[in-house]
Amino acid sequence: MIKPNDLILRSTTSLITFILLGFAIYLLFAGHNSPGGGFVGGLTTSAAFLLMYISFGQPTVDKIFPIEFIKLVPIGLMIALLTGLGSFLFNKPFLTQTFGHVTLPIFGEFELATAMLFDVGVYLTVLGTTMTIILTISNDQK
């Protein structure tokens, strides 16, 4: 059996994955003030993982990133739900968001918003769901 020469794909995958993951984190953190957020950040991260699975194969990627994506779904849903329920503690409607500013030593002034926590929950849910669906379909084809 002849093995295809995938040197170019594997070489560029490292760079492209790094760029995709960086962009996904940017989308996640910028989402509560500008276009982006947990949904598109989760999809972008899924694209990065999918590229690694295509380039290096499932056993190799699973050794490097031993993530059970199905477990991310309830964790993300719980974070999003608790973020929404947190507004009840302050006698506000469900999913009412608030924000504040914190000064960090290296980064300077940084905004913290409850919408960011909700976006993290959506991010984990979308990443877990997308990767579970893709890996389930790919494993059924074998």
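Please treat every number below as a calculation from the coordinates, not as lab data. Computed from a predicted structure; not experimentally measured. Cβ placement follows ideal geometry from the backbone for every residue including glycine, while neighbour counts extend to all protein chains displayed.
Peptides 71-83, 6-18, 51-63, 114-126 ranked from most to least packed by the mean count of surrounding Cβ atoms within 10 Å: 114-126, 71-83, 51-63, 6-18.
Using Stokes-Einstein with the Kirkwood hydrodynamic radius over Cα pairs, what translational diffusion coefficient do you get for region 44-99 at 4 °C and a viscosity of 1.567 mPa s, in µm²/s rounded to a whole number?
Translational D for this selection: 93 µm²/s.
Let a ≥ b ≥ c be the square roots of the eigenvalues of the Cα gyration tensor of region 87-142; is it rounded (a/c under 1.5), or, if not, prolate (a/b larger than b/c) or oblate? Taking the square roots of the gyration eigenvalues as a ≥ b ≥ c, region 87-142 is oblate. This structure gives Rg and Dmax of the Cα atoms in Å, computed directly, and of (1) 15.2, 50; (2) 13.9, 40; (3) 18.3, 67 that value is listed as (3). Taking each residue as 0.36 nm, the span from residue 95 to residue 7 lengthens on full extension beyond its C-alpha to C-alpha distance by 26.9 nm.
For region 96-108, backbone phi angles converted through the Karplus equation (6.51, -1.76, 1.60; θ = phi - 60°) give residue-by-residue couplings of 5, 9, 9, 8, x, 10, 10, 9, 9, x, 8, 8, x Hz, Gly and Pro being listed as x.
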